[in-house]
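So the structure is just underneath, and the comments pick up after that.
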Amino acid sequence: MTKKNQQKNNASSKRPKAGDLESRSLSRGAISIFILFHLVAITCWAIPLDFAVLRGVRELVSPYMRWAGLFQSWDTFSPNPKQDNSYIKAVVITQNHHMHVWAFPRMEQLSFGERYRKEKYRKFTEVLPEQKNAALWPDIAKHLAWQFKSQTDPPDKVLLIQFQTDIKPGIDEADAPSAKPNIFYEDYVQPENFK
Amino acid sequence: MNLQRLHKAWDHFFFTPQSPIPIALFRILYGICVSATVILLHSDWLDWFGVHSWISLSTMTAVEPGIRLNLFTLMPQDDRWIAAFFWIFLGFAVLLTIGLWTRVSSVAVFLCLTSIQQRNLFMAHGGDTFLRVVGFFLIFAPAGAAFSLDRLIRVRRGLEGPEITPRAPWAQRMIQFELALLYFISFWWKMKGDTWLHGTALYYVIHLHSIARFPLPGWVQHPVILKAGSWFTLAFEFSMGVLIWFRRLRYPLLLLGLLFHLSLEYAFNIPMFQWDVLAAYVLFIDPNDLDRLWRTIHQRLMRRTS
């Protein structure tokens, strides 16, 4: 075989066959549909607008977005940043009327390393007292009761208290009023909760 | 633009083969971020996900109904299984970082990551959400096509040549889209708030005790600087969402973004958030520039070893 013929053969073997082209364009088409669907679904999900068409699209894609873990919102510090400092403490009252006070980790009181490890509590305690998350409160009480379980003096009641101080521009933090307590959950716990 | 041109542009953007070096580098950075996130959770793993966790699995499924990709719903509710899940997750995150069984590892990491977030949605910050959503698209990317043990094995077995083969970048584009969307939607949300428009937002942010890290110099707290900072944040987030797609502006914006996130890392305690986002910056670097950089490093290493 001459060098020229060999080159020609090589070139023709590299050239995609008609079947290959067809399957490639089919797979490209399928991928394009996949891309387009995700671009539309993700954009409609994330944009901070609310009108009928958008609500319709969101409703349509919602089961998939939630199933696949593609739900997302990018609203950190917005529309306005939080304008108060807050922390949560819990009081566990036992059947013999003893009180245990348990404080959720406060980032400002932790060491540098601990702040890294405990940061999830920052996010958790930020959203926990919101009324829309009231369904979580009995579980928090159960967890706290379980932490203080005792054969002789089991937990009887749990209170969750949020302490809040407003951030006021122009006021020195040293002069800021002390934190206002707000009991946002209070209930008895059942013995089966801390077994 | 007629349909044919649109089709061509779409095809070019998503399917013109390009070097997989950016996505491979992203895979490594992403793997490190996921590993670090998992390690940081270790001390409270059972408090978040265990049988006696803060929020029970049944409550979580009640408040967030519907079918979810959540391995916790499949595994026995036993703390030993849940503790083992931590090590399995970390193991796959390390495998993904080094690029061994890359495709399988990327699927496993995404499943584990989405599972822990579905198990407790109330502890995830924006960085965690970003890792989750881009992890989905990483599954489809040729993330093991460079800088991976998988490739090393393939080259040793003679299945691949020394040259890295270009691949269609559509999955990389989706991750780029997610990054741009993160910035643009953040900008949009902030535009709805009075404090951002008036320039007072940063005052509140720097006075939040729960996220304060290192002390800020006094001049930063001057009202003029805080106003400028609030407005700069708006301008920056808009630019990263929209102007990043223009080649000429890309590198200055990436540099600005790097400085922006490093300053946030100094000032605020939101562990991993800045690194999670910065990891995706590498996807906006021209593959040719990365290729050139890689060749230079490679040549220097070869010269030193010979």
Within segment A:123-146, can you find the residues that are more than 7 Å from chain B (Cβ to nearest Cβ) and among the aromatic types (Phe, Trp, Tyr)? A:TRP137
Test result for A:ALA41, at pLDDT 95 or above and under 30 Å from B:ILE211 (Cα atoms): no
Helices (runs of 4 or more DSSP H) wholly in segment B:132-246 with at least 3 residues that are without any contact (Cβ under 8 Å) to a residue 40 or more places away in the chain and away from every other protein chain (no Cβ under 13 Å) - which ones? B:149-156, B:223-242
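Can A:LYS120 be described as within 10 Å of another protein chain (Cβ to nearest Cβ), under 29 Å from B:ALA62 (Cβ atoms) and surrounded by 13 or more Cβ atoms within 10 Å (Cβ to Cβ)?
Numbers: within 10 Å of another protein chain (Cβ to nearest Cβ): yes; under 29 Å from B:ALA62 (Cβ atoms): yes; surrounded by 13 or more Cβ atoms within 10 Å (Cβ to Cβ): yes.
Yes.
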Out of segment B:247-283, which residues are within 14 Å of another protein chain (Cβ to nearest Cβ) and of a type in the set (S, T, N, Q)? B:ASN269, B:GLN274
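Working carefully through the options B:ILE285, B:ILE270, find the one that is surrounded by 13 or more Cβ atoms within 10 Å (Cβ to Cβ), touching a residue at least 60 places away in the same chain (Cβ under 8 Å) and touching a His at 6+ places or on another chain (Cβ under 9 Å). Even if it seems obvious, please write down each step before you answer.
Values: B:ILE285 fails: touching a His at 6+ places or on another chain (Cβ under 9 Å).
Testing whether each residue is surrounded by 13 or more Cβ atoms within 10 Å (Cβ to Cβ), touching a residue at least 60 places away in the same chain (Cβ under 8 Å) and touching a His at 6+ places or on another chain (Cβ under 9 Å) leaves just B:ILE270.
For the subset of segment A:64-103 comprising residues that are touching a strand residue (DSSP E or B) at 6+ places or on another chain (Cβ under 7 Å) and within 10 Å of chain B (Cβ to nearest Cβ), which member is surrounded by the most Cβ atoms within 10 Å (Cβ to Cβ)?
Taking the candidates together, the pick is A:TYR87.
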Looking only at residues in segment B:139-189 that are out of contact with any Lys or Arg (no Cβ under 8 Å at 6 or more places or on another chain) and among the polar types (S, T, N, Q), which one is farthest from B:PRO22 (Cα to Cα)? B:SER186
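The values are calculated or read from the model by the stated rules, or taken from the named source; none is laboratory data. Keep in mind the model is a prediction, meaning the values are calculated, not measured. Every residue, glycine as well, gets a Cβ built from its backbone with ideal geometry; the counts of neighbours run over all protein chains shown.
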